[in-house]
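Trainee: Dropping the structure in here first, questions after.
Where a number appears in this text, it was derived from the coordinates with a stated rule and is not lab data. Predicted model, so just to flag it, every value in this text is computed and none were measured. Cβ atoms come from the backbone with ideal geometry, glycine included; neighbour counts cover every protein chain shown.
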């Protein structure tokens, strides 16, 4: 990134007399000492005509992540709002990312974890301008590229049908979105009880936001950088672990929609649970499971059609 970070004075000069943040950046960090400077630099490089704040949550890092955040908070005291945990909240099962939405003062939220970074200094301005003019949209997102320590890059992150806008229903159905690219209306103040304990929370966010509008894919914004490394909470999990995490999220969403009386979404997510369960078992077991399902359906059908069966 060849654009140098600006001072806090430079940022505020561009904001004029406005000081109340229009947007809040949420950043979760844990043992990201090797990456967090690049992340924070991506925030302070943002060129906006409106004020924003940066809420950085350090989850009891055991490396120098907290010290780096303190240095930035000292240089940008009116911009960066740090939160330092003494005990790791992730291990306690606390969904702290969503809790931070309630603490955010901005009417919009942008999200980026402490091991990823943004490459486009106009990102936030473009996204907020669109949301301000289009009240029927609740979420904007753009592309990202994946890379690792060897510099291996897979781009783009979103392909095919996902490089398009999302209807409200598609968002409710937890349509994939690059989480580090989002900017959305600050409508998520707390999670329904069914979603407590879910690890893949971002797909739950999109589903809940779908109740408030559509999603906009913005191809004109430069791709953000999604880092794959050994400390990544999701990226370095095994395929089986990822399937288990997704299955839990889909089942939790099914329970939520069942409670609020949305039968169509309840059935949709139960089908996703079934599909994920099939994906997690071996081909032989898959055939056996499908055979058992077919047998059960056949027996139930015979019972209905044959009196005394």
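Trainee: Hey, can you rank 110-116, 82-88 by average C-beta count inside 10 Å, highest first? Don't skip to the end; give the middle numbers.
Mentor: Values: 110-116: 24.4, 82-88: 13.4.
So the peptides 110-116, 82-88, ranked by packing, come out 110-116, 82-88.
Trainee: Name the shape class, rounded, prolate or oblate, that the alpha-carbon gyration tensor gives for the range 8-236, where a ≥ b ≥ c are the square roots of its eigenvalues, rounded holds for a/c under 1.5, and otherwise prolate holds if a/b is larger than b/c and oblate otherwise. Could the numbers behind the result be given before it?
Mentor: Numbers: a/c = 1.27, a/b = 1.10, b/c = 1.16.
The shape class here is rounded.
Trainee: Please label the shape of the range 88-157 as rounded, prolate or oblate, based on the square roots a ≥ b ≥ c of the eigenvalues of the alpha-carbon gyration tensor (a/c under 1.5 means rounded; beyond that, a/b larger than b/c means prolate, else oblate).
Mentor: On the way: a/c = 2.45, a/b = 1.08, b/c = 2.28.
Note, shape of the range 88-157 comes out oblate.
Trainee: Give the calculated FRET efficiency between residue 122 and residue 155 to the nearest 0.05, with a Förster radius of 25 Å applied to their Cβ-Cβ distance.
Mentor: Values: r = 20 Å, r/R0 = 0.79.
My answer for the efficiency is 0.80.
Trainee: If a/c stays under 1.5 just call it rounded; otherwise compare a/b with b/c (prolate if a/b is bigger, oblate if not). Do that for the range 132-180, with a ≥ b ≥ c from the square roots of the Cα gyration tensor eigenvalues. Show your work: numbers first, answer last.
Mentor: Values: a/c = 2.98, a/b = 2.17, b/c = 1.37.
Judged from the Cα gyration tensor, the range 132-180 comes out prolate (a/c at least 1.5, a/b above b/c).
Trainee: Would you mind putting 130-141, 256-267 in packing order, based on average other-beta-carbon counts within 10 Å, highest first? Walk me through the numbers before you get to the answer.
Mentor: Working: 130-141: 17.7, 256-267: 14.8.
Highest to lowest by the protection proxy: 130-141, 256-267.
Trainee: Got a sec? Which residues in the range 22-65 would a label at residue 74 touch, if it sits 7 Å along Cα→Cβ and we count backbone N under 17 Å?
Mentor: Backbone N within reach: 37, 64-65.
Trainee: Ranked by Cβ crowding within 10 angstrom, fewest neighbours first, how are 57, 248 ordered?
Mentor: Numbers: 57 23, 248 16.
Listing 57, 248 from fewest to most nearby Cβ atoms yields 248, 57.
Trainee: Now, a different point. How do 126, 25, 271 rank when sorted from fewest to most other Cβ atoms within 10 Å of their own Cβ? Please list the in-between numbers first.
Mentor: Numbers: 126 17, 25 28, 271 12.
Going from least to most buried by this count: 271, 126, 25.
Trainee: For 239, 64, what's the fewest-to-most ordering of other Cβ within 10 Å of each Cβ? If you can, show how the numbers build up before the last one.
Mentor: Working: 239 9, 64 15.
With the fewest neighbours first, 239, 64 line up as 239, 64.
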